[in-house]
Structure formats: structure tokens, C-alpha cells
Amino acid sequence: PGATHNITDILTGRCEEYRKCLLGEPCLPFYRNVKCRAAVESFFKGIRNMDPCATPDNAYDEFLNMVPPTTVRGTTMFWSGVMGNNIPQDVAQVTPEFSVLEETFPGYMAGNLSWCGATDGDGTGLGLNFTVCPTWTSETCPNNTKAAFWARASKMLATQAVGDVYVVLNAQRAGGAFNNGSIFATIEAPNLNQDVVTNVAIYLIPDFQLAIPNEMYAETCTNGSVLYLQNFLMNMNFNVTCEENPKEIMWLQCARFANSPYCGPYAKGNPVV
Ligand code: NFD
């Protein structure tokens, strides 16, 4: 895929927006003194002149320690397998009760951007490729520049989460709502802290873009990979709850996909109105 060619300007601008609290996110005094030029420099520091498929795990540590992902107690929301329509991100943006990685400082800066290191350079002399980056697959390019960023940021998000946490999963995800190879499964869930996380709430949502009601519920809270996840978390000593088609998410899905059989007074899970 293409690289974001003006990424330095975008990162700088987003950094200024965030530290000046222009976004309405919970805005911490800690961030006010962030030097955006230094932050952007540290963002690139660990990946310059690096093979874009062999990024060290700690490449972004200096950057992430300058602007760590921080969420308010009881609001941290993870998601997995539901990327297509940005539903969790959009719900979180207008719901103070939920915070996703994309609204934390580092998540906001890097969201929807594409970048990678380059050993041969692309003429800029900056050790980055501003034109094109290798496509990620776990086989061909496992430790790619971008994956290393989201992996480390996700780990920090999970590690600092306190109180109730949430995870939004796609009931119709091919191969199971809880995907063993996902970042949620491999990085976020294992880094939750049993001593401070009071409950893990699983929000199992249908894919509202699928029009056929019978096929809508591939998984429920009591079967398949979701049941496996609940047992996995309970074995780790977490309190776990699971809700199918929760109204906290459904209202936005129905605003986006108003003709879905999951919307309206006769829909499963909906109160009759
Ligand atoms: P997904 P998830 N390397 O829907 N997050 O649980 C690369 F390069 O399966 C946020 O994996 O859910 N890409 C963002 C990967 C990105 C890899 C990633 C990997 N090893 C993670 N694994 C973001 N904002 O962009 C997955 N992907 C790609 C955090 C996959 O192709 C969030 O806190 C898809 O485009 C969230 O709780 C995207 O990552 C959780 O991790 C999501 O894959 C979602 O990762």
C-alpha cells in the first residue's frame, strides 16, 4: 500500500491538536508540555534505515513514553474483527464512557496513516519510504513498521487499563469472533492486570452489513470462540460479562444501517417501542 507522503506534517499537526486539548478527549495536564517536534522525531527514530519487515519491538518506546496511551478508569474499550465501519471508534468518540486506542495521544497521531522504514532510502535520505510500504501478512512481513507500532501501543493501553474494560467483537467474523492471532488475543487480553481490572465486558455485535437475519448470529455468548474467551479470562481470574447486540453500540449501527433486520421495534434484543 501507499505510504502517507506528508506524514511528518500530519503527525506534527495532530500532536499540537492533542496537547492543546482541541479534540474533546480526556485531556491530561501531563500532555500540555509535549514538544511536538521532538515527539515526531522520536516517532521515526527507531525505524529510520530499518528493514520495514524487521522492526524491533521497542522501536517506538521513546515516543510512547513521551505520549503514552492513557484512559480514564472504567472506560477502556478494545475491539477486534470489527474494523470495516469504525463502529467502536465512532461510538467511543461520542460516548465519554468508552475510550479506544485511537483517541489516546499516540493512537490519534498515527491513526489511518501508513509509513515504513527503508534501508535503501527512496531519495529523501531520511531512512524512510514515503512512497510505498510492504503489505502486511504474518508470513511475508511479520515485524513490519506499522505492526510494531500498534502492537506496542496496544500493549501499553492494556497494561494501564483500570476498572471495567470492554471488548467489541464481531459475531460473524470468519473463523470465530475471538481470533487467536489478533492483537486483542495476543497482546491486549494477556496484558490486562487482574489486580486492577474489575470486569471484562464482551460486547458481541452482529455485522449490520449482512442482510440475511438467519446468518446473522454465527456466534453467541454461549458458544464458539466467545465461550472460549470467557473461560480463558475467567481462568486468569477476571470477572467476565457478555452481551449480544448491546444497545450501547447498536444505536450507532442502526443509524448507519437503518434497514438492518437488527434495527426497529421487532429486532432481536431491541425493546419494543
Ligand atoms: P483486527 P486486532 N500486524 O480487527 N489496534 O485484535 C499488522 F501489520 O483483527 C489498533 O488485531 O483486531 N497488522 C489498530 C495487523 C491496529 C496485525 C491494530 C499484525 N500483527 C491494533 N494484526 C489501529 N487503530 O489501526 C492485526 N492487524 C491489522 C488495537 C488488521 O489487518 C486496538 O486497541 C486490521 O487492519 C484494538 O483493541 C487491524 O490490524 C485491537 O488492537 C485490526 O485487526 C485491534 O486489533
Any chance Thr71 is outside any helix (DSSP H, G or I), surrounded by 18 or more Cβ atoms within 10 Å (Cβ to Cβ) and β-branched (Val, Ile, Thr):
yes
Criterion: hydrophobic (A, V, I, L, M, F, W, C) and buried (at least 24 other Cβ atoms within 10 Å of the Cβ) - qualifying residue of Trp79, Trp136:
Trp79
Please go through the range 168-194 and pick out each residue that is under 18 Å from Phe98 (Cα atoms), within 10 Å of the ligand (Cβ to nearest atom) and surrounded by fewer than 23 Cβ atoms within 10 Å (Cβ to Cβ).
Phe184, Ala189
Subset of the range 111-147 (residues that are of a type in the set (Val, Ile, Thr), more than 9 Å from the ligand (Cβ to nearest atom), under 29 Å from Glu17 (Cα atoms) and not in a strand (DSSP E or B)):
Thr124, Thr131
Pick from Val67, Val82: which is β-branched (Val, Ile, Thr) and near the ligand (Cβ under 9 Å from one of its atoms)?
Val82
Which of (1) under 21 Å from Thr75 (Cα atoms); (2) open to solvent by 10 Å² or more (accessible area, probe 1.4 Å); (3) more than 8 Å from the ligand (Cβ to nearest atom); (4) among the small types (Gly, Ala, Ser) does Ala151 not meet, given it meets every other one?
(3)
Report whether or not Ala161 is over 17 Å from the mean Cα position of the chain (by Cα) and open to solvent by less than 10 Å² (accessible area, probe 1.4 Å).
no
Give the residues of the range 85-102 that are open to solvent by 20 Å² or more (accessible area, probe 1.4 Å), more than 9 Å from the ligand (Cβ to nearest atom) and either part of a helix (DSSP H, G or I) or closer than 21 Å to Asn191 by Cα (or both), sorted by residue number.
Asn85, Asp90, Gln93, Val94
Among (1) of a type outside the set (D, E, K, R); (2) at pLDDT 95 or above; (3) assigned to a helix (DSSP H, G or I); (4) within 13 Å of the ligand (Cβ to nearest atom) - the single one Phe43 does not satisfy
(4)
Quick one: Gly107 ticks every box in (1) open to solvent by 20 Å² or more (accessible area, probe 1.4 Å); (2) under 19 Å from Glu188 (Cα atoms); (3) in contact (Cβ under 8 Å) with a residue 40 or more places away in the chain bar one, so which box is it?
(1)
Which residue pairs have Cβ atoms under 6 Å apart, sit 6 or more places apart or on different chains, and have a first residue in the range 255-272 that is farther than 13 Å from Leu210 by Cβ and a second that is in a loop (DSSP other than H, G, I, E, B) and at pLDDT 85 or above?
Gly269/Asn245
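This table checks each residue for (1) part of a loop (DSSP other than H, G, I, E, B); (2) out of contact with any Gly (no Cβ under 8 Å at 6 or more places or on another chain).
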position: Ile202; (1), (2): no, yes
position: Phe208; (1), (2): yes, yes
position: Ala218; (1), (2): yes, no
position: Cys221; (1), (2): yes, yes
position: Ser225; (1), (2): no, no
Selection from the range 1-36 of residues that are among the charged types (D, E, K, R) and either over 20 Å from Lys146 (Cα atoms) or touching a residue at least 60 places away in the same chain (Cβ under 8 Å) (or both)
Arg14, Glu16, Glu17, Arg19, Lys20, Glu25, Arg32, Lys35
If you check Phe30 against the conditions, is it surrounded by 14 or more Cβ atoms within 10 Å (Cβ to Cβ) and part of a helix (DSSP H, G or I)?
no
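The values are calculated or read from the model by the stated rules, or taken from the named source; none is laboratory data. Fair warning: this is a prediction, and the values are worked out from it, not measured in the lab. When we count neighbours, we look across all protein chains shown, and the Cβ atoms used for this are built from the backbone with ideal geometry, even at glycine. To get the accessible areas, we keep the full protein, side chains included, count just its heavy atoms, and leave off ligands, DNA and RNA. Shrake-Rupley method; radii C 1.70, N 1.55, O 1.52, S 1.80 Å.
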